[in-house]
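Here the structure comes first, spelled out in structure tokens, and everything after it is commentary.
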Amino acid sequence: MAGWNESQLRKYNIKLEKIPTLQYDDPKVDSLLSNNKPVLIKGSKLVSQVLKWDLDYLTEHMNSICCNVLVSKNHKFKYYDQKKITPNMTFKPISRPSPMIFSEFAKKIKDWKKGDSRLYMQQVLNNSISQRIVSDFVMFNWDWIMSKQKTCKWGSLTSNLLLIAQEGNVTPCHYDEQQNMFACIRGYKRFILFPPSEFECLYPHPVHHPYDRQSQVDFDNPDYIKFPKFKKACGYEVIVGPEDVLYIPMYWFHHVESLMHGGCTVSVNFWFKAGSVEKIEYPLLDHQKMVIMRNVEKMLAEALHDPNEVGNMLNTIVLGRYT
Ligand SMILES: CC1(C)c2ccccc2-c2ccc(C[C@@H](CC(=O)O)C(=O)C(=O)O)cc21
Ligand SMILES: [Zn+2]
């Protein structure tokens, strides 16, 4: 396929299948979306009006806007929840927030040299951005994306994040609790997705840890002693390019990387709340079991009044009795 080659992908020791690629008007798209199955959608023209959003254009029209920028000492940007950092916790994140105005971000990207800290901008798109950006934003193909929202009975659109990553940046494996339509505007991103059924192979941090929802496994150097089931994890791989839209079902784990030597990537995601009326049928779906596990961890932490007690009690319940 034009535009990228295998040498730009990071090497992981993971079994990978392919994700279906369909045209936006193919009826199979709606059935995959409604069944929470990932699909790469071509030809939707969701963001075709903003393909001009490159660093120069965005610098010109977002120049003095202060944006959320993450700085990392390595290529990984592992998201963490500040609210879950407790005073007596020694938590040393690799990436940290460093708000800066857009022109400064663009300059740091242009002057970046090997060994420098890496940057990743993720900025909520709303009407506080410049008039020009807002007028571009309204030209997304809202009719199409809203028709998907309606067909799949998703909840409300909660946010659009404008994401500007340096080549080679990685967002490590994690899951989100919302439906996600992910659009690439410039550059290529490689996604490795895992269904909720792979939960036990990916060892997400405890719910009360700042790294809640993130896998504990370092894909660059997996600890097969601590995480033996990671050896048998089965993922799905897809490369998302300009104008492509990838549906990332809620509770599906995803690792995302901007291809090496591919320049900056510009993307926008569309996060929708899960549908409110989810009919309960048995056997339960795997993502519904993830919700139950999260609730058990939350309820135990609440009842014990100490998140650090949760593991001990779960072990007491299970070890020697359910194993
Ligand atoms: C890592 C980063 C920059 C971040 C830091 C701190 C708080 C939030 C986030 C955040 C949220 C979404 C993404 C986009 C995408 C991953 C990707 O495209 O890299 C993804 O996972 C999704 O769309 O669900 C990336 C980030
Ligand atoms: Zn995500």
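Counting only DSSP beta bridges with both residues in the stretch 112-268, what percent are antiparallel, rounded to the nearest 5?
95 percent
222 nm [θ] for the chain, helices only, -39500 (n - 2.57) per DSSP H run of 4+, per residue, to 500?
Values: 8 runs with 74 residues, N = 323.
Taken over the chain, the calculation gives -6500 deg cm²/dmol.
Just to be sure I understand the model, the point goes 7 Å from the Cα along the line to the Cβ. What's the resulting I317 to N74 distance in nm?
3.4 nm
Among all the lysines, which ones have a C-alpha under 23 Å from K11's C-alpha, if same-chain residues fewer than 8 places away are not counted?
The reachable lysines, counting only those whose Cα sits under 23 Å from K11, are K73, K76, K78, K113, K114, K189, K226, K229, K231, K232.
How far apart, in nanometres, would the label points at E309 and K18 be if each is projected 7 angstrom from Cα along the Cα-to-Cβ direction?
Taking the simple label geometry, E309 and K18 are separated by 5.3 nm.
Could you work out how much longer the chain between H261 and T151 gets when fully extended? Use 0.36 nm per residue separation minus the Cα distance between them, nm to one decimal.
Net length gain for the segment: 35.7 nm.
Would you mind getting me the FRET efficiency between Q131 and K273? Use the beta-carbon distance for r and R0 = 41 Å, nearest 0.05.
E(calc), rounded to 0.05, equals 0.90.
Could you name the lysines in cross-link range of K150, using Cα to Cα under 24 Å and dropping any fewer than eight places away on the same chain?
K28, K37, K42, K45, K273, K279
If I model a spin label as a point 7 Å beyond the Cα along the Cα-Cβ vector, how far apart are those points for L9 and K298 in nm?
Label at L9, label at K298, 3.7 nm between them.
Do any trypsin sites (Lys or Arg not before Pro) in the stretch 206-279 lie in a loop, going by DSSP, with at most 10 other beta-carbon atoms within 10 Å of their beta carbon, and if so which?
Loop-located and lightly packed - K226, K279.
Please identify the trypsin sites (Lys or Arg not before Pro) of the stretch 131-183 that satisfy two criteria: DSSP loop assignment and at most 15 other Cβ atoms within 10 Å. Which are they?
Answer in residue order: K153.
Sort the stretch 8-147 into rounded, prolate or oblate with this rule: let a ≥ b ≥ c be the square roots of the eigenvalues of the Cα gyration tensor; rounded if a/c is under 1.5, and if a/c is not under 1.5, prolate when a/b is larger than b/c, oblate otherwise.
oblate
For the chain, which span is the longest to avoid every loop-located (per DSSP) member of chymotrypsin sites (Phe, Trp or Tyr not before Pro) having at most 12 other Cβ atoms inside 10 Å?
For chymotrypsin sites (Phe, Trp or Tyr not before Pro) (loop position, at most 12 other Cβ atoms within 10 Å), the longest site-free span of the chain is 92-223.
Please give the contour-minus-distance gain from I280 to V124: 0.36 nm per residue of separation, less the Cα-Cα distance, rounded to one decimal in nm. It would help to have the intermediate numbers written out before the result.
Numbers: separation 156, 0.36 × 156 = 56.16 nm, distance 3.35 nm.
Fully extending the segment from I280 to V124 adds 52.8 nm.
Let me know the shape class of the stretch 105-187, please: from the alpha-carbon gyration tensor, a ≥ b ≥ c as square roots of the eigenvalues, rounded when a/c is under 1.5, otherwise prolate if a/b is greater than b/c, or oblate.
oblate
Go ahead and set up a Gaussian network model of the chain, Cα springs under 10 Å, then flag whichever of V71, V29, V310 fluctuates most.
Of V71, V29, V310, the most mobile in the Gaussian network model is V310.
For K153, which aspartates and glutamates qualify as cross-link partners when the Cα separation must be under 12 Å and same-chain residues fewer than eight apart are set aside?
D30, E278
Any read-out appearing in this document is the output of simple, stated calculations on the displayed coordinates, not a laboratory observation. Keep in mind that what you see is a predicted model, and the values were worked out from it rather than measured. Cβ atoms come from the backbone with ideal geometry, glycine included; neighbour counts cover every protein chain shown.
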